[in-house]
Amino acid sequence: MRELGPIQRTAGAIATLDVICGLAETARLFDYNRPKLDHSLRLCIKDGRHPVLDQNLAGEKFVPNDTELDGDTLRLAIITGPNMAGKSTYIRQVALIVLMAQVGSFVPVANAEVGLVDRIFTRVGANDDLSRGQSTFMVEMNETANIVNNATERSLIILDEIGRGTSTFDGLSIAWSVAEFLHDKIKARALFATHYHELTKLAEERNGVCNFNVAVREWNEQIIFLRKIVPGGADKSYGIQVARLAGLPQEILDRAKNILANLEKPNGATAASRSIKSRRTPKAGAPREKPQMDLL
């Protein structure tokens, strides 16, 4: 017992050395560079890479991306693009690079300038909390409330598809309002990934908002993910093409394209409803099929 204190201090010192050596070896092996840290609100990353996927990605080479937020003329980046294109990966890699820089590590970038942040807030993923009786949307709103109530001008915020757990108009309204609050009130540096393309109009109304999208190319009704973040908003989400990649039957895909075409018309919802009814309404006098199980 008399030597317990010295042994614990020695173990703590060895653990610290182990962490430092691990960071140094990782930086040497994977071409990390030393970031510049200051007290500004700038966040400038050149050729940033995800520290995990950059090492473990199978089948393709990781595509690096730039980030530039200055806390003034560009503090809220709206990022649109299809599923699987890399929006979530991009915003997470920015948060990880900032975190690694502030713990004293070299980071997976060509160069980086990081204005110190007081906290990093994240709202990513879609999980419910059955033990507390909370739906996916309620969990999402709780996490969003924590962000808007506690973030400061020096915080870094990443948001992934706010509002997707409820109806389209409700979700869009909440996402739009949260984005405005982050820009106007909190004035924090934020990355906001979304499928609500309407949010790109915020860049026309507010000087500190800028639109980015993940570049893709279409070829023979298929999409090729380029994984590159480029200026401007996406024009569509390519959901049907992604569903094709997942292996949905062609019959479902063809019907989905037909419904989408109707929904995109000026009287879209009405036209789509008529189309569905026309396919389902039985002819006069035709026998009705008995349902598999009566409800009552």
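Below, the figures for the structure above:
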| read-out | value |
| --- | --- |
| Where a residue in segment 161-183 is open to solvent by 60 Å² or more (accessible area, probe 1.4 Å) and its partner, wherever it lies, is of a type outside the set (Asp, Glu) and in a helix (DSSP H, G or I), with Cβ under 7 Å and at least six apart | Arg164/Gly171; Phe181/Val148 |
| Selection from segment 184-207 of residues that are open to solvent by less than 30 Å² (accessible area, probe 1.4 Å) and either at pLDDT below 90 or within 24 Å of Leu96 (Cβ to Cβ) (or both) | Ile186, Ala188, Arg189, Ala190, Leu191, Phe192, Ala193, Thr194 |
| Tally, over segment 213-244, of residues that are out of contact with any helix residue (DSSP H, G or I) (no Cβ under 9 Å at 6 or more places or on another chain), closer than 27 Å to Lys46 by Cα and open to solvent by 40 Å² or more (accessible area, probe 1.4 Å) | 6 |
| Set Val98, Val109, Val139, Val63: member being under 20 Å from His183 (Cβ atoms) and either in contact with a strand residue (DSSP E or B) (Cβ under 6 Å, 6 or more places away or on another chain) or free of Cβ contacts under 8 Å to residues at least 60 places away in the same chain (or both) | Val98 |
| Some residue of segment 261-274 being under 29 Å from Ala77 (Cα atoms), in contact with a Leu (Cβ under 8 Å, 6 or more places away or on another chain) and modelled with pLDDT under 90 | no |
| Strands (runs of 3 or more DSSP E) fully within segment 1-108 counting 2 or more residues that are of a type outside the set (A, V, I, L, M) | 36-38, 43-48, 65-69 |
| Residue ID - surrounded by the most Cβ atoms within 10 Å (Cβ to Cβ), chosen from residues in segment 37-72 that are in contact with a Cys (Cβ under 9 Å, 6 or more places away or on another chain) and closer than 18 Å to Leu99 by Cβ | Leu69 |
| Search result, residues across segment 1-36 that are among the polar types (S, T, N, Q) and surrounded by fewer than 13 Cβ atoms within 10 Å (Cβ to Cβ) | Gln8, Thr10, Thr16 |
| Unmet criterion (only one of (1) open to solvent by 30 Å² or more (accessible area, probe 1.4 Å); (2) within 19 Å of Tyr32 (Cα to Cα); (3) touching a strand residue (DSSP E or B) at 6+ places or on another chain (Cβ under 8 Å)) for Thr122 | (2) |
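The values are calculated or read from the model by the stated rules, or taken from the named source; none is laboratory data. The model shown is predicted, which means the values in this text are computed figures rather than measured ones. With ideal geometry, Cβ positions are generated from the backbone for all residues, glycine too; neighbour counts draw on all protein chains shown. The accessibility values were calculated without ligands, DNA or RNA, using every heavy atom of the protein model including side chains. Shrake-Rupley method; radii C 1.70, N 1.55, O 1.52, S 1.80 Å.
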